[in-house]
Amino acid sequence: MRVILIAFVFALATAVLVLRVGMLGLFESDGAQASTGSLLVPDRGEITDRKGIPLARDFKSYALWFNPKAMEGGEPLTRPASEIAHDLVQIFPDMDEADLTQRLASGKGQYLRRRILPEQANRVHAIGEPALNPPAEPSRYYPEGTLAAHVLGYVGADGNGHVGMEQVFNNQLSDPATRGAPVTLSIDARVQAAMEDELYRVMGLSQAKGAGGIVMDVRTGEVLALASLPSFDPNHIDEKGMELMFNRVTNQVYELGSTFKPLAVATALDAGTITNLARTWPTGKPLKVGRFLIRDSHKMDDRMNVAEILMHSSNIGTAQIADEIGSKRMKEKMELLGFNERPYIELPARGFPIWRSGEWPRLTTMTVSYGHGIAVTPLHLASAYAAMVNGGIWRPATLKKLAPGEAPQGRRVFKEATSARMRQLLRLVVRDGTGRKADAPGFRLGGKTGSAEKPGAGGYRRTALITTFASAFPMDDPRYVVITMMDEPQGTPATSYQRTAAWNSAVAVGRIVPRIGPMLGVYPDDNKEIDLSDIKPLIKEEGSH
């Protein structure tokens, strides 16, 4: 009986265990799986470039936390605050000992440092102070440092994204249901790095206070690079970093000068006010409009045709072309190009243009044709140039990678024939005009320089320029727009003491394109060239001016 009783007890215990396992399997398996799955999903989703290169990701890191309530009912610290501060400075030499002493003595729980290395955490433990707790917690990390910082933004201490795409996709990146899949941007990290490198180089050579640049796919509107310099490090946000977060490409509006001249010529071709490229306009002396005089930066020929007006960048010639277009048609075209509203892109910081509402006076129409009296962002200009060279279709810019066939239909702004003619004229400007220093052999680059005085108190500041080069390549089959801009470049020995776009922004494009072309599948070919046979006879030989 004793043996039977013992066997019965064991059988009963076994039955209970089997029943319990079954219940767990039936009713608690989903929770267990969710718990296991959550270990594999980051606390915040990853952001990658178009090739899958991580630009922002989460990882566990140690933080130095001061917990004055570690010893319940006792003193916050076992030793004087000054002694513990001294020990911490031995581990973190860049920390201020007096400041640490004050913070420890305050008895207030706080972070003393947000990120510390594992070996530093071990040394903190070795101090033997219970109130110094280095917990492991989620941390946002930007592997490429300052690269594309204005595109990415940063994650604040509140765990939310700020400024860039971190803010735009904050819900998607933090939602447990979606954060497991990365957000893929249109940015190409290689192209972004090349652009930033060359912009920094020219910015230094010309002693400019800032620079900006953008590379855009003319067929889809995808932005492959967007740089605003100087940049900031989203891994270390401090007061200086906050000051540098202003985006020169999407948020600041500028009068972009002569880069508007090709847009005015394209408008005239569309309107039919220019039908013969051999026709000339008087350009030898200032043009008087009411009490205002329109001048050129240097002496021009007495008469010039369209090609020459663009090549030599004549304000006088372009103003007369715009006058023939008329205010109504000129303004309508600028509206089609989006110059009367904030630029289209996902970033939260987007500047509103300085735009004259109502009917434009004659003088406004003429000055807008050469980029004065209207202020837009460099992103506005990039989208406009894309439309001018891609066959005439304007599309909104985007920082999202688009799948094949996903590009928006856009809207027609220029006729196809106008776009084809502008590709010729822009190529001519780089081959033989003010954009020669941007000419990258084999890439059939076309573009236009622009140098405009910055407005200030009491008028324009003659000593402060915004220089821009707006371009696209290759002109026989346009693929990409490249815009570069310098803020207040100086005349230095490296720029032959010149400050205009031809000596800085154009130089930057001439160095960027050979670097990014092969990355984007566009290789130099000296045997290819856009057909200029019907344009060349219009150009006077050097020395015949």
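The table that follows gives values for the structure above.
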quantity: Subset of the stretch 66-77 [open to solvent by 80 Å² or more (accessible area, probe 1.4 Å) and not acidic (Asp, Glu)]; calculated: 69, 73
quantity: Any hit, the stretch 232-244, residues being within 19 Å of residue 466 (Cα to Cα) and modelled with pLDDT under 95; calculated: yes
quantity: Residue within the stretch 509-517 that is surrounded by fewer than 12 Cβ atoms within 10 Å (Cβ to Cβ) and either free of Cβ contacts under 8 Å to residues at least 24 places away in the same chain or out of contact with any helix residue (DSSP H, G or I) (no Cβ under 8 Å at 6 or more places or on another chain) (or both) present; calculated: no
quantity: Among (1) open to solvent by less than 40 Å² (accessible area, probe 1.4 Å); (2) at pLDDT 95 or above; (3) touching a Ser or Thr at 6+ places or on another chain (Cβ under 7 Å); (4) closer than 27 Å to residue 306 by Cα - the single one residue 503 does not satisfy; calculated: (1)
quantity: Subset of the stretch 198-209 (residues that are at negative phi, in contact (Cβ under 8 Å) with a residue 60 or more places away in the chain and not aliphatic (A, V, I, L, M)); calculated: 198, 201, 206, 209
quantity: Residues of the stretch 118-140 satisfying the condition of being buried (at least 20 other Cβ atoms within 10 Å of the Cβ) and β-branched (Val, Ile, Thr); calculated: 124
quantity: Out of 143, 176, sole residue that is in a loop (DSSP other than H, G, I, E, B), open to solvent by 60 Å² or more (accessible area, probe 1.4 Å) and touching a residue at least 24 places away in the same chain (Cβ under 8 Å); calculated: 176
quantity: When residues of the stretch 473-496 are limited to those that are part of a strand (DSSP E or B) and in contact with a helix residue (DSSP H, G or I) (Cβ under 7 Å, 6 or more places away or on another chain), the one farthest from residue 383 (Cα to Cα); calculated: 486
quantity: Meets criteria (under 14 Å from residue 446 (Cα atoms), outside any helix (DSSP H, G or I) and touching a Gly at 6+ places or on another chain (Cβ under 7 Å)) for residue 470; calculated: yes
quantity: Subset of the stretch 393-416 (residues that are free of Cβ contacts under 8 Å to residues at least 24 places away in the same chain and within 30 Å of residue 532 (Cβ to Cβ)); calculated: 393, 412
quantity: Pair list, Cβ under 7 Å, 6 or more apart: the stretch 489-501 residue closer than 11 Å to residue 207 by Cα and in contact (Cβ under 8 Å) with a residue 12 or more places away in the chain, other residue part of a helix (DSSP H, G or I) and open to solvent by 30 Å² or more (accessible area, probe 1.4 Å); calculated: 492/205; 494/205; 495/205; 495/503
quantity: Any hit, the stretch 427-435, residues being surrounded by fewer than 24 Cβ atoms within 10 Å (Cβ to Cβ) and farther than 21 Å from residue 318 by Cα; calculated: no
quantity: Top-ranked residue in the stretch 272-293 [being small (Gly, Ala, Ser) and free of Cβ contacts under 8 Å to residues at least 24 places away in the same chain; ranked as surrounded by the most Cβ atoms within 10 Å (Cβ to Cβ)]; calculated: 284
quantity: Within the stretch 198-233, tally of residues that are open to solvent by 10 Å² or more (accessible area, probe 1.4 Å) and closer than 12 Å to residue 148 by Cα; calculated: 3
quantity: Single match in 306, 265, 253 (criterion: in contact with a Phe, Trp or Tyr (Cβ under 9 Å, 6 or more places away or on another chain) and more than 30 Å from residue 166 (Cβ to Cβ)); calculated: 306
quantity: Condition met for residue 373 (modelled with pLDDT under 95 and under 18 Å from residue 258 (Cβ atoms)); calculated: yes
quantity: Enumeration of residues in the stretch 95-131 that are part of a loop (DSSP other than H, G, I, E, B), among the acidic types (Asp, Glu) and modelled with pLDDT of 90 or more; calculated: 96
quantity: Inter-residue pairs, beta-carbon under 8 Å, first in contact (Cβ under 8 Å) with a residue 60 or more places away in the chain and closer than 15 Å to residue 348 by Cα and in the stretch 154-172, second among the aromatic types (Phe, Trp, Tyr) and crowded, with 20+ Cβ neighbours inside 10 Å, 6+ apart; calculated: 154/142; 163/154; 164/154; 166/154
quantity: Qualifying residues in the stretch 361-378 (those that are hydrophobic (A, V, I, L, M, F, W, C) and more than 19 Å from residue 266 (Cα to Cα)) - the one most open to solvent (accessible area, probe 1.4 Å); calculated: 363
quantity: Residues of the stretch 213-243 classified as free of Cβ contacts under 8 Å to residues at least 40 places away in the same chain, closer than 20 Å to residue 188 by Cα and outside any loop (DSSP other than H, G, I, E, B), total; calculated: 1
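Okay, residues lined up against (1) farther than 30 Å from residue 252 by Cα; (2) at pLDDT below 90; (3) open to solvent by less than 30 Å² (accessible area, probe 1.4 Å):
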{"site": "46", "(1), (2), (3)": "no, no, no"}
{"site": "50", "(1), (2), (3)": "no, no, no"}
{"site": "61", "(1), (2), (3)": "yes, yes, yes"}
{"site": "93", "(1), (2), (3)": "yes, no, no"}
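The values are calculated or read from the model by the stated rules, or taken from the named source; none is laboratory data. Values in this document were obtained by computation on a predicted structure and should not be read as measured data. Quick reminder, even Gly has a Cβ in these numbers, built from the backbone with ideal geometry, and neighbours come from all protein chains shown. We work out accessible area using only protein heavy atoms, side chains counted, and drop any ligands, DNA or RNA first. Shrake-Rupley method; radii C 1.70, N 1.55, O 1.52, S 1.80 Å.
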